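Some notes on the structure that comes next.
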Amino acid sequence: MKVLVTGGAGYIGSHVVQMLIERGYEVVVFDNLSAGHAEAVHPQATLVVGDLLHKPDLIALFEQHRFDGILHFASHIMVGESMQKPFKYLYDNVVGVMHVLEQATAHGVKRFILSSTANLYDAPQVIPIREDEPLIPGSVYGETKFMAERMLLWMDRLYGLKSACLRYFNASGAHPDGHIGEDHHPETHLIPLVLQVALGQREAITVYGDDYDTPDGTCIRDYIHVLDLADAHILALEALADGQSRVYNLGNGKGYSVLEVIETARQVTGHPIPTVRGARRAGDLPVLVADSTKIQRELGWQPEFGSLRVIIETAWRWHQTHPHGYRRDERANPEG
Ligand SMILES: NC(=O)c1ccc[n+]([C@@H]2O[C@H](COP(=O)([O-])OP(=O)(O)OC[C@H]3O[C@@H](n4cnc5c(N)ncnc54)[C@H](O)[C@@H]3O)[C@@H](O)[C@H]2O)c1
């Protein structure tokens, strides 16, 4: 099978690409490298540098390749930024997916995987969160994923494009051999920020709120290892052969508090990782954990790297070997 991975030079996409190659897929990555890294793309994948917003790039791509499936990761990803710059998110994320869908349907592609988000569940009634919770996007970013999911309903009905929407919270960890990992600028995710303290790149980590109704007072979140995510994306792609579109939540089944993350990082790195007490952030819910029973039952997916310690150990290996991410040479020699 030949598949297109949009955003395949990014954090999650690059891990999915590697796993696809290992499982015998032919992979074409389409990425504008605005947040991704050419070095992150597996050498056996074809990297096409282009922009989803620039239709001619996509037209040329689909003229050159015939795809059996598409995994769509390319988007802006920061919840906070989406509230400051709503039009950047509404325009780029929505038009981006629309352009891909336009080409996919014109060329008869029948399988589509959307990297969606659990930010669609802003007012969960039951935790862990199931797929049938009301869909209430918690940000403009979440709204753009909601709109993409809605478009996919119509693509199925009108063109028979079968899709799987995968909703998850915090992708984390890195490939265990440490050659690819998370390199976001700016970094907004807790685990890499904590590890930047251990690397001496930050003085301390701020804990936003320690008076929540949780056992240690800090927010509990669901961290899912990037390779478990990759496995789920590929299982979902293969499952679409049965002609049924679907939606799955992905999570560890277990949440970890901010203090648990910091404590585990102290154990893994041997660094004291000082903390600073900060005020609660607007909109933060005390506990967000996804229920992934449905994908486990239907596709046999099982998180293999579920323990927080393993997640942090693999992330630490990546950060230790790439303290400045992929762009280390650029930074070492900014004139060059
Ligand atoms: N990281 C998480 O915790 C998380 C959680 C839930 C969902 N997601 C979703 O997973 C996907 C990947 O997230 P990530 O953390 O790997 O992000 P990332 O920023 O590392 O990867 C996104 C990639 O898309 C590319 N891209 C962005 N706009 C593009 C455009 N217009 N044309 C071509 N390429 C473009 C970027 O260069 C980058 O390589 C995103 O869609 C995100 O919304 C991420």
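The values are calculated or read from the model by the stated rules, or taken from the named source; none is laboratory data. Just so we're clear, the structure is a prediction, and the values are computed from it rather than from any experiment. Note: ideal-geometry Cβ built from the backbone for every residue, glycine included; neighbour counts use all protein chains shown.
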With the first residue restricted to the range 8-20 and required to be aliphatic (A, V, I, L, M), and the second required to be near the ligand (Cβ under 6 Å from one of its atoms), Cβ contacts under 7 Å at 6 or more apart or on different chains are Ala9/Asp31; Ala9/Leu33; Ala9/Gly36; Ile12/Phe73; Ile12/Ser115; Ile12/Ala171
Checked pairs for the range 152-181, first among the basic types (Lys, Arg), second in a loop (DSSP other than H, G, I, E, B) and surrounded by fewer than 16 Cβ atoms within 10 Å (Cβ to Cβ), C-beta under 7 Å and 6 or more apart or across chains, list as Lys162/Gly243; Lys162/Gln244
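Please tell me if Glu187 is more than 13 Å from the ligand (Cβ to nearest atom) and free of Cβ contacts under 8 Å to residues at least 24 places away in the same chain.
Numbers: more than 13 Å from the ligand (Cβ to nearest atom): no; free of Cβ contacts under 8 Å to residues at least 24 places away in the same chain: yes.
No.
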Of the listed residues (Glu143, Glu133, Glu149), the one being assigned to a loop (DSSP other than H, G, I, E, B), at pLDDT 95 or above and closer than 26 Å to Lys294 by Cα is Glu133
Here the residues within the range 11-36 that are within 11 Å of the ligand (Cβ to nearest atom) and either hydroxyl-bearing (Ser, Thr, Tyr) or surrounded by fewer than 24 Cβ atoms within 10 Å (Cβ to Cβ) (or both) are Tyr11, Ile12, Ser14, Asn32, Leu33, Ser34, Ala35
With the structure loaded, tell me whether Arg297 is assigned to a helix (DSSP H, G or I) and surrounded by fewer than 19 Cβ atoms within 10 Å (Cβ to Cβ) or whether it fails that test.
yes
All-but-one check, Val94 against (1) more than 18 Å from Gly10 (Cα to Cα); (2) touching a Leu at 6+ places or on another chain (Cβ under 9 Å); (3) modelled with pLDDT of 95 or more, failing number (2)
Per the list (1) touching a strand residue (DSSP E or B) at 6+ places or on another chain (Cβ under 7 Å); (2) within 13 Å of the ligand (Cβ to nearest atom), residue check on Glu39 breaks on (1)
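Only one residue in Ile77, Ile59 is buried (at least 21 other Cβ atoms within 10 Å of the Cβ) and either over 19 Å from Ile234 (Cα atoms) or not assigned by TED's automatic domain parsing to the domain that holds Cys165 (or both). Which one? Walk me through how you get there before you give the answer.
Details: Ile59 fails: buried (at least 21 other Cβ atoms within 10 Å of the Cβ).
Going through Ile77, Ile59 in turn, just one is buried (at least 21 other Cβ atoms within 10 Å of the Cβ) and either over 19 Å from Ile234 (Cα atoms) or not assigned by TED's automatic domain parsing to the domain that holds Cys165 (or both): Ile77.
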Cβ pairs under 6 Å, 6+ apart or interchain, first in the range 197-218 and polar (S, T, N, Q), second loosely packed, with under 12 Cβ neighbours inside 10 Å, ordered by first then second residue, are Thr206/Val276
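Okay, residues lined up against (1) small (Gly, Ala, Ser); (2) within 13 Å of the ligand (Cβ to nearest atom); (3) assigned to a helix (DSSP H, G or I):
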residue: Leu101; (1), (2), (3): no, no, yes
residue: Ala104; (1), (2), (3): yes, no, yes
residue: Leu114; (1), (2), (3): no, yes, no
residue: Asn119; (1), (2), (3): no, yes, yes
residue: Gln125; (1), (2), (3): no, no, no
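Filter the range 190-230 down to the residues that are aromatic (Phe, Trp, Tyr) and away from the ligand (no atom under 16 Å from the Cβ) and list them by number.
In the first step, residues of the range 190-230 are kept if they are aromatic (Phe, Trp, Tyr); the result is 208, 212, 223.
Result: Tyr208, Tyr212.
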**Prompt:** Just wondering, is there one or more residues in the range 85-108 that are within 20 Å of Met151 (Cα to Cα), among the polar types (S, T, N, Q) and within 19 Å of the chain's Cα centre (by Cα)?
**Reply:** yes
Per the filter on the range 102-120, residues farther than 21 Å from Gly251 by Cβ and surrounded by 23 or more Cβ atoms within 10 Å (Cβ to Cβ) are Ala104, Val109, Arg111, Phe112
Going through (1) touching a Pro at 6+ places or on another chain (Cβ under 9 Å); (2) without any contact (Cβ under 8 Å) to a residue 12 or more places away in the chain; (3) among the polar types (S, T, N, Q) one by one, Ser307 fails only at (1)
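Kindly check whether there is at least one residue in the range 209-226 that is closer than 22 Å to Gln267 by Cβ and part of a helix (DSSP H, G or I). It would help to see each step written out before you state the result.
First, the residues of the range 209-226 that are closer than 22 Å to Gln267 by Cβ: 210, 214-226.
If we keep only those that are part of a helix (DSSP H, G or I) too, we end up with 226.
Taking every residue of the range 209-226 in turn, at least one turns out to be closer than 22 Å to Gln267 by Cβ and part of a helix (DSSP H, G or I).
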Of (1) in a loop (DSSP other than H, G, I, E, B); (2) of a type in the set (A, V, I, L, M, F, W, C); (3) over 19 Å from the mean Cα position of the chain (by Cα), Ala265 fails just (1)
By residue number, the members of the range 19-41 that are farther than 15 Å from Asp183 by Cβ and within 18 Å of the chain's Cα centre (by Cα) are Met19, Leu20, Val29, Phe30, Asn32
